[in-house]
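Since every read-out is calculated from the coordinates, none of them should be taken as a lab result. What you see is a predicted model, and the numbers here were worked out from it, not measured in a lab. Neighbour counts are summed over all protein chains in view; Cβ atoms, including those assigned to glycine, are modelled from backbone coordinates with ideal geometry.
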Amino acid sequence: MYGWNCGKPVAAVSLGPELAASAAAASYDLQAYRFQAAPEQLRPPRVVRVGLVQNSIHAPTTAPFVEQRQAIHDRVRQIVDAAGAAGVQVLCLQEAWHMPFAFCTREKQWTEFAESAEAGPSTRLCRELARKHGMVIVNPILERDEAHGDTIWNTAVVVGNNGNVIGKHRKNHIPRVGDFNESTYYMEGNTGHPVFETAFGKIGVNICYGRHHPMNWQGFGLNGAEVVFNPSATVGELSEPMWPVEARNAAIANSYYVGAINRVGTETFPNAFTSGDGKPAHKDFGHFYGSSYFAAPDASRTPSLARNKDGLLVADLDLNLCQQIRDKWGFRMTARYDMYAEQLGRYVRHDFQPQVIKDPSL
Ligand SMILES: NC(=O)NCCC(=O)O
């Protein structure tokens, strides 16, 4: 079910008894794996240790906002420190990790959690931890863009291993499904599909709902990504059957690794809200089912983190596998981008007519 990596299942790796004991004591899931590539004659292996963090909220949504944020910061600091001790070189946190996923409520007070991408409290924490551990940290936050009249974005800030901000990417696709009323809060991103060249490889970030859009995944591939993260917040009833498929398929289709991260836990809000579907008003989104995992370009994947627990998933990725799979399958080489570009050029025109050839006998 989880595929074959160089002819074998993806192997588990031990991070040592101390880290295992501290994860058990602090009640978070800790798992580690290794993806291999075939040995080459002209290139040495290019192995990078990558981590994914899934976290629940750690204070009730009725607590003062400063306490809510601090409680999550304290928990995430604990897990990032463990990632540092495990030698993780690139780490990605989940979507809007620093706050409850309050976008179901449509209440505007939650925008108080939005912060500067460059200098807000969550970025400052990530910069400190990145410097401390010499680690690249992908920091997906709710961004307040003061320079543009307090526009709010859903943004992943990429912090370099020296604690510097390398750049940011803003979520391209905003959901309009179920209780995901995110369009009430922030705008469709305007940063394209940037790939960040870090000390440990070229990375991209496809934020949550963008995973349903194959061309969004493709954009990062065309710009040369070797690892694409998919920091998410999604609930069981809505998307759990899709979760194991989409990120794994993206890794195959684009010949890169994917690290898919989902929030965990059930978050209950003070005021009931409706879904506009005639069902009774309710106070929670449903269960964020965690289940973060890595997928590789050769269709292999790791097992998932827990459905109901915070967690740290570590994987050693040999980045040479990306080129090896591109050479084997030739998906990039055989794609017909000129033909797709021509069709898309026609499709976006107001006078577009679908190319349908009707059976004349009908
Ligand atoms: N956060 C977010 O975009 N969620 C939408 C639901 C989904 O994509 O499963």
Just one of the numbered conditions (1) buried (at least 21 other Cβ atoms within 10 Å of the Cβ); (2) in contact with a Cys (Cβ under 8 Å, 6 or more places away or on another chain); (3) not aromatic (Phe, Trp, Tyr) is not true of Val90; which one? (2)
Can you say whether Asn154 is surrounded by 20 or more Cβ atoms within 10 Å (Cβ to Cβ) and in contact with a helix residue (DSSP H, G or I) (Cβ under 9 Å, 6 or more places away or on another chain), as far as the supplied structure shows? yes
Inspect all residues belonging to region 96-107 and state whether any of them is surrounded by fewer than 18 Cβ atoms within 10 Å (Cβ to Cβ) and either touching a residue at least 12 places away in the same chain (Cβ under 8 Å) or touching a strand residue (DSSP E or B) at 6+ places or on another chain (Cβ under 6 Å) (or both). yes
Pairs with Cβ under 7 Å, 6+ apart, first in region 164-175 and among the polar types (S, T, N, Q), second more than 11 Å from the ligand (Cβ to nearest atom): Asn172/Glu188; Asn172/Gly189; Asn172/Asn216
Can you say whether Val47 is of a type in the set (Val, Ile, Thr) and either farther than 20 Å from Ala233 by Cα or loosely packed, with under 14 Cβ neighbours inside 10 Å (or both), as far as the supplied structure shows? yes
Can Glu115 be described as under 15 Å from Glu143 (Cβ atoms), charged (D, E, K, R) and touching a His at 6+ places or on another chain (Cβ under 9 Å)? yes
